[in-house]
Amino acid sequence: MIDKEVQKTILRISLALMVVPSLVYVGLDIGLVSASSSSQDSNYPGTISESELEGATLIASQSGSLSVASKGGTIIARMSAHDAYFDVDRVKPLGSATVLYAAVDIIPRDECGWRSKCVRNVVETYNLTTGETKLLYEQTIPDETAPQWHDADYIGDGKIVVADMSRDRVFIANTTTGIITWQWQAGQAFDPSSGGDNPQDWTHLNDVEVLPGDRIMVSMRNQDQVIFINKSEGVDDSWTLGEDRDPSATNRTLYAQHNPDYITPENGGPAVLVADSEQDRIVEFQRTESGWTQTWEYGVNLGWPRDADRLPNGHTLITDSHNKRVIEINERNEIVWQANAPLPYDAERIGTGQESSGGESAVRLGLSSATESSADDSLLGRIKALGRQIFPDNIVNAISFVNSKYPISFTGMAAAAVSIPLLCLWMLLEFRWSDYTIVPPIKQK
Ligand SMILES: [Ca+2]
Ligand SMILES: [Ca+2]
Ligand SMILES: [Ca+2]
Ligand SMILES: [Ca+2]
């Protein structure tokens, strides 16, 4: 029979061995992560020069900032005039330092006059060297049905095309008159039962790109499809990429994708490079006579990627949202550049054309794939894979989404979740073993 004091000592040592290293890890993790993000608070755009811009990278963050990262990966400027930034593009026809973005402001209920808070969607241009902002288009709507616009592109002659998620439509507007000159509504081609059970957010239509030849490519996230719309004839079903699958389906073509980029025949396409977000990979499909064929995949240590741009040098710029970073990989799938940013949505390398417009297809470049299973057999990789098997995607994503806004990594958060309850348990035990008791301040007479 072991003496009671010895039992206590064994328990104390065991608890200390579990709690102390994980608390030290949490402390270091918070320190490291905040150190890597604190460099973002340098200066606002408007103070950077044209020469600093060439080769720099724009990063739009859903947590409310638009950053400029240098060639070395350091954040050299950051603006945060809105609550969230989504798609950003450099728009050379409007000025060499001018960018256009879709951003969102959250308006409190008492200011908005609706029964819920409201969302103000803005499409603005911003001059990175002078700081001049110009509002092109806006719309304020109640925050009831997925109200945020995630993509708007400038298409020339003062016109923009908008992925209007709130109304499940795409529209083209004249920014001078404010008049909508063309629109396509998802109800024209899709059954209301499609896209799974999302009554407040039917299609989550999150991206649009105007293609040569009167065609428009649209990402229907909840339908897991990239569709091609002929402006006068509607959806060309023979070109649809992906299928509307049951939530339990595995091995999908796409699963809740973001930001498909079209690579033209001149650049080795037709091909589509797309962030296959829920399957944590970037994937490329080539158009052949029999339809779409997957030709490339990169999925090494990515967490909910939402953008990939093929660059003119054959590299790929990837926005790795849950890992709070933007990376550039070369043709051998090695990371050659990285910048850190909170919850990034879209990244653009200045001087390489919008999205993948300056890049060539994987087929023409002869790229080989790299997948999680082929590369990540580290302990963390295996824990993540196990987590995906145990917990439903939406739970993992909800936790990761919250985590990616705060200066602590996913593993740091897991360490805190283990060590803090154990520390509380230890304190309770020490109290029980001590000479102190709790005496209620009020006694019955
Ligand atoms: Ca963009
Ligand atoms: Ca777009
Ligand atoms: Ca892209
Ligand atoms: Ca991009």
Rounded tilt (10° steps) of 393-403 against the dominant C-alpha axis of the chain: 80 degrees
Per residue, accessible area of the chain with a 1.4 Å probe, heavy atoms of protein chains only, in Å², comes to 48 Å²
On a 1.4 Å probe surface of the protein chains, which of 112, 118, 424 comes out largest in accessible area, and what is the full order? 424, 112, 118
Per the helix-only model, the chain has a calculated mean residue ellipticity at 222 nm (DSSP H runs of ≥4, -39500 (n - 2.57) each, divided over all residues, rounded to the nearest 500) of -7000 deg cm²/dmol
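If R₀ is 41 angstrom, what is the calculated FRET efficiency for the pair residue 140 and residue 96, using the beta carbon separation as r and rounding to 0.05?
0.80
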The size of the Cβ-based charge dipole (Lys, Arg +1; Asp, Glu -1) of the chain about the Cα centre, to the nearest 20 debye, is 1720 debye
Would you kindly derive the ³J(HN,Hα) couplings of segment 293-307 from the backbone phi angles with the Karplus curve 6.51 cos²θ - 1.76 cosθ + 1.60 (θ = phi - 60°), listing them in order in whole Hz, with x for Gly and Pro? 10, 5, 10, 7, 8, 10, x, 9, 6, 8, x, 6, x, 10, 7
Would you rank 443, 134, 324 by solvent-accessible area, highest first, keeping every protein chain in place and using a 1.4 Å probe? 443, 134, 324
Measure off, as a whole percent, the carbon and sulfur share of the 1.4 Å-probe accessible area of the chain, all protein chains present. 56 percent
Once phi is turned into ³J(HN,Hα) by the Karplus curve 6.51 cos²θ - 1.76 cosθ + 1.60 with θ = phi - 60°, what whole-Hz value does each residue of segment 5-22 show in order, with x for glycine and proline? 5, 5, 4, 4, 4, 4, 4, 4, 5, 4, 5, 4, 5, 7, 7, 4, x, 5
Taking Cα atoms only, helix 410-433 is inclined relative to the longest principal axis of the chain by an angle, in degrees rounded to 10, of 20 degrees
What the Cα atoms of segment 42-381 span along the principal axes, largest first and in whole Å, is 52, 49, 43
Taking the chain as the reference, fit the longest principal axis to its C-alpha atoms, fit the long axis of helix 379-390 to the helix C-alpha atoms, and give the angle between the two in degrees, 0 to 90, nearest 10. 80 degrees
Amide H contacts of residue 337 (H built 1.01 Å from N, under 5 Å, at least 5 apart or other chain): 328
Centre separation in Å (Cα based) which lies between segment 166-200 and segment 54-95: 27 Å
Cβ crowding within 10 Å averaged over residues, with 82-89, 143-150, 6-13, 245-252 ranked highest first: 82-89, 143-150, 6-13, 245-252
So how far apart, in nm, are the two label points at residue 111 and residue 413 if each is 7 Å from Cα heading toward Cβ? 2.8 nm
Could you check which residue among 68, 20, 218 shows the biggest mean-square fluctuation in a GNM of the chain with a 10 Å Cα cutoff? 20
Ranked by GNM mean-square fluctuation in the chain (Cα springs under 10 Å), the top entry among 209, 266, 243 is 266
Which whole-Hz couplings ³J(HN,Hα) result when phi for each residue of segment 185-202 is put into the Karplus expression 6.51 cos²θ - 1.76 cosθ + 1.60, θ = phi - 60°, listed in order with x for Gly and Pro? 10, 4, x, 6, 10, 10, 6, x, 7, 6, x, x, 8, 10, x, 8, 8, 4
Taking the dipole of the chain about the Cα centre (Lys, Arg +1; Asp, Glu -1; charges at Cβ), the one of 273, 80, 13 that reaches farthest to the positive side is 13
Can you figure out the FRET efficiency of residue 331 with residue 215, using R₀ = 51 Å and their beta-carbon distance, to the nearest 0.05? 0.95
On full extension of the chain, what length is gained from residue 6 through residue 290, given 0.36 nm per residue of separation minus the C-alpha to C-alpha distance? 94.8 nm
Calculate, in nm to one decimal, what residue 238 and residue 444 gain on full extension: separation in residues at 0.36 nm each, minus their alpha carbon distance. 66.0 nm
Candidates 261, 309, 191, ranked by Gaussian network fluctuation over the chain, Cα under 10 Å, top entry: 191
Residues whose modelled amide H sits under 5 Å from the amide H of residue 346, counting only those 5 or more places away in sequence or on another chain, are 60
Isolated Cys residues of the chain, judged by Cβ distance under 4.7 Å to other cysteines: 424
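The values are calculated or read from the model by the stated rules, or taken from the named source; none is laboratory data. Model, not experiment: these values are computed from the prediction. As a convention, Cβ positions derive from the backbone with ideal geometry for all residues, glycine included, and neighbour counts pool all protein chains shown. Just so you know, the surface numbers come from the protein's heavy atoms only, side chains and all, with ligands and any DNA or RNA stripped out. Shrake-Rupley method; radii C 1.70, N 1.55, O 1.52, S 1.80 Å.
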